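The numbers here are math on the coordinates, done by the rules we state, and not lab data. On a predicted model such as this, the values are computed, not experimentally measured, just so you know. Heads up, the Cβs are rebuilt from the backbone with ideal geometry, glycines too, and the neighbour counts pull from every protein chain shown.
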Amino acid sequence: MKAILKKKIWFLTGTQFLYGEDTLKQVSSNAKAVIEGLNLSGHIPLEIVFKPILKTQEEITQTCIEASSNNECVGVITWMHTFSPAKMWINGLKKIQIPLLHLHTQFNAEIPWSSIDMDFMNLNQSAHGDREFGHVMTRLGIKRKIVVGHWKKETVQRSIGYWARAALGYHEMQTLKVCRFGDNMREVSVTEGDKVEAQIQFGFSVNSYDASDLVKEIENLQTSQVEGLVKEYETSYTLDSKLKEGGAQRKALYEAAEIELALRQFLDRGGYKAFTDTFENLGALKQLPGIAVQRLMADGYGFGGEGDWKTAAMTRVLKVMSTGLKKGTSFMEDYTYHFGENKSLVLGSHMLEICPSIAEEKPTCEIHPLGIGGKEDPVRLVFNAPPGEGLNLALVDLGNRFRFILNEVTAVRIPEALPKLPVARVLWDCKPNLEVATTAWILAGGSHHTVFSQALNTEILEDFAEMTNVELLNIDASTQIRNFKETMAANERHYEK
């Protein structure tokens, strides 16, 4: 995942020849200083790269073409230092195929009242240069993020950093491959969807394989590989006594390790960064993949249960967005409610497959029966998630379009031990409360599968939705059902094809 942070953002500075060579030299010098300051801020995960200042239509067009075709470049930041006639930008902007952030700033923070003259005014024209630029982008219908404020301000730097993470996710989607072992869980609606339309809209592809393909991988494993991974389990987790050396179900730990190794080899050989499985299509696999899926997610792979390829893709994309951050991101499911006297809460979990990146403490490695699937007892990691702010994001196919639905939540500490519930879990308080949030979620057609993240925030996902041109319905502390319905009705007209 660290290689992801080697991607770049190009910084494009607009100007023109009108003000003379001395002004152009100063524009270039100032742009470099701004970039250096942003790169040193610590709030932006990717390196911002200076590009020669843009003075003509030809320079602009060529730079925009190069940015869009450079696989290392995930987005561009534009800034009009002086007045840059925006007709020069039309052809270039029409060729931009990557996310764009319009930084509306100026080099100096304050007006130098005693020394300001027309030379200073000509040099520092962002106030109207960026308005000219913005007019053409609006007329062209270009989706972009606008950040306003002095470039040294932390709020500006953070906002640029959020956009950069969204741009990473957008870039990942363009080449993402999702592997499905088996089909969807039978008779389930929300995990279905139009895979061709998804590839058109987002860029990621989805293809299916049989579980027997994993069995073939297992048959070719070396004993040393399996033994090495089992030792890693022993050092990384607290093992259930049944799984320890001499334990009654020790063999199951080796079988779980075989599944993990087989999955990794198959996915890596095919270039897949996200995958699904389902307990109804396991073929000759001896157990439903549990610890294998959890550890793969912890390493950055996306996953969706019961064939949910949309959530698998989004898990991967959000993990890419959160690269380098300490808090975690996981496949999740709203499992059951706590309708308390004073507060209603949601217990999020799944049969097995919750990512240990959201674990508060060292997970335990356990084995227990699974009442569905007809297979042997699966090995899984068990843990609680820590308290703190988070969000749940769903991607659903409405038939005529896709929709993102986001609910801001606050994870809380589980008040009692759960000795008979051997799964990973998180307890959260929905914003504004469970009753309003769930009403809005159901009205929006939200799925029971989500991506849960304590690493990301709403602004990042808003930027991402803008980049993909997909509707985002946000359920937060200010949500009211009447207004939510009105927003949905307005969106229906706006997004209809």
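Hey, got the dipole for the stretch 222-353? About the Cα centre, +1 on K and R Cβ, -1 on D and E Cβ, debye to the nearest 20? Each step should come with its number before you reach the end.
Values: 16 positive and 18 negative charges, 78 e Å.
The calculated dipole for the stretch 222-353 is roughly 380 debye.
Let's see if you can work this out: charge +1 on each Lys and Arg Cβ, -1 on each Asp and Glu Cβ, no other charges. What is the dipole magnitude of the chain about its Cα centre, in debye to the nearest 20? It would help to have the intermediate numbers written out before the result.
Details: 54 positive and 62 negative charges, 154 e Å.
Magnitude of the dipole: close to 740 debye.
Neighbours of Asn469, meaning other residues whose beta-carbon lies under 11 angstrom from its beta-carbon, give a summed charge of 0 when Lys and Arg score +1 and Asp and Glu score -1. Taking the stretch 338-477 as the region of interest, the number of lysine pairs whose Cα atoms are within less than 27 Å, with members eight or more places apart or on different chains, is 4. Beta bridges assigned by DSSP with both partners in the stretch 253-383 are antiparallel in approximately 70 percent of cases.
I'd like to compare 129-141, 292-304: which one has the highest average count of other Cβ atoms within 10 Å, and what's the full order after that? Kindly include the intermediate steps, with their values, before the conclusion.
Values: 129-141: 15.9, 292-304: 24.0.
Final packing ranking: 292-304, 129-141.
To the nearest ten degrees, helix 434-443 and the longest principal axis of the Cα atoms of the chain are 80 degrees apart.
So what's Rg/Rh here for the stretch 357-497, counting alpha carbon atoms and using the Kirkwood radius for Rh? Before the final figure, lay out the partial values.
Values: Rg = 17.7 Å, Rh = 17.0 Å.
Using Cα coordinates only, the ratio equals 1.04.
Once the dipole of the stretch 176-495 is set up with Lys and Arg at +1 and Asp and Glu at -1 on Cβ about the Cα centre, which of Tyr233, Gly373, Ile259 lies farthest towards its positive end? Most positive-ward Cα: Tyr233. Computed from backbone phi with θ = phi - 60° and the Karplus coefficients 6.51, -1.76 and 1.60, the 3J(HN,Hα) list for the stretch 96-112 is 5, 10, 10, x, 10, 10, 9, 8, 9, 9, 8, 5, 7, 7, 10, 6, x Hz; x is used for glycine and proline. Applying a DSSP loop filter and a limit of 11 other Cβ atoms within 10 Å to the GluC sites (Glu not before Pro) in the stretch 288-377 leaves Glu341, Glu361.
Between the alpha-carbon centres of the stretch 375-444 and the stretch 159-199 there is a gap of 19 Å.
Please identify every one of the chymotrypsin sites (Phe, Trp or Tyr not before Pro) in the stretch 19-118 that sits in a loop by DSSP and has no more than 12 other beta carbons within 10 Å of its own beta carbon. Before the final figure, lay out the partial values.
Working: sites: Tyr19, Phe50, Trp79, Phe83, Trp89, Phe107, Trp113; in loops: Phe83, Phe107, Trp113.
Taking the stretch 19-118 and a limit of 12 other Cβ atoms within 10 Å, the loop chymotrypsin sites (Phe, Trp or Tyr not before Pro) found are Trp113.
Oblate is the label for the stretch 255-350. Its Cα gyration tensor axes, ordered a ≥ b ≥ c, give a/c of at least 1.5 and b/c at or above a/b.
Figure legend: label point modelled 7 angstrom from the Cα of Glu492 along Cα→Cβ; residues of the stretch 435-449 with amide N under 17 Å from it are 440-446. Here the chain was treated as a single set of alpha-carbon atoms; its pair distances binned every 10 Å from 0 give 4, 18, 26, 23, 16, 9, 4, 1, 0 percent. Basic side chains Lys and Arg get +1 at the Cβ, acidic Asp and Glu get -1 at the Cβ, and with that the dipole of the stretch 108-263 about its Cα centre reaches some 540 debye. Inter-label distance, Ser114 to Gln199: 6.8 nm, where each label sits 7 Å from its Cα along the C-beta direction. In order along the stretch 127-134, the phi-based Karplus estimate (6.51 cos²θ - 1.76 cosθ + 1.60, θ = phi - 60°) of 3J(HN,Hα) comes to 4, 10, x, 6, 5, 4, 5, x Hz; Gly and Pro are listed as x.
Rounded to the nearest Hz, the phi-derived 3J(HN,Hα) couplings of the stretch 277-284 under the Karplus curve 6.51 cos²θ - 1.76 cosθ + 1.60 (θ = phi - 60°) are 9, 8, 5, 8, 9, 9, x, 8, where x marks glycine and proline.
According to the Cα-based calculation, Rg over Rh for the stretch 132-221 is 1.20, with Rh computed by the Kirkwood formula.
Counting only DSSP beta bridges with both residues in the stretch 176-495, tell me the antiparallel percent, nearest 5. Mind dumping the intermediate values first?
Numbers: 35 of 55 bridges.
The antiparallel proportion sits near 65 percent.
Only one residue of Gly161, Leu456, Gln57 has its Cα farthest out toward the positive end of the dipole of the chain, where Lys and Arg carry +1 and Asp and Glu -1 on Cβ, and that residue is Gln57. For the stretch 200-322, the tally of Lys pairs with Cα-Cα distances below 19 Å comes to 10, considering only residues 8 or more apart or on different chains.
Mean residue ellipticity, 222 nm, helices only, the chain: the sum of -39500 (n - 2.57) across DSSP H runs of n ≥ 4, divided by residue count and rounded to 500, is -12000 deg cm²/dmol.
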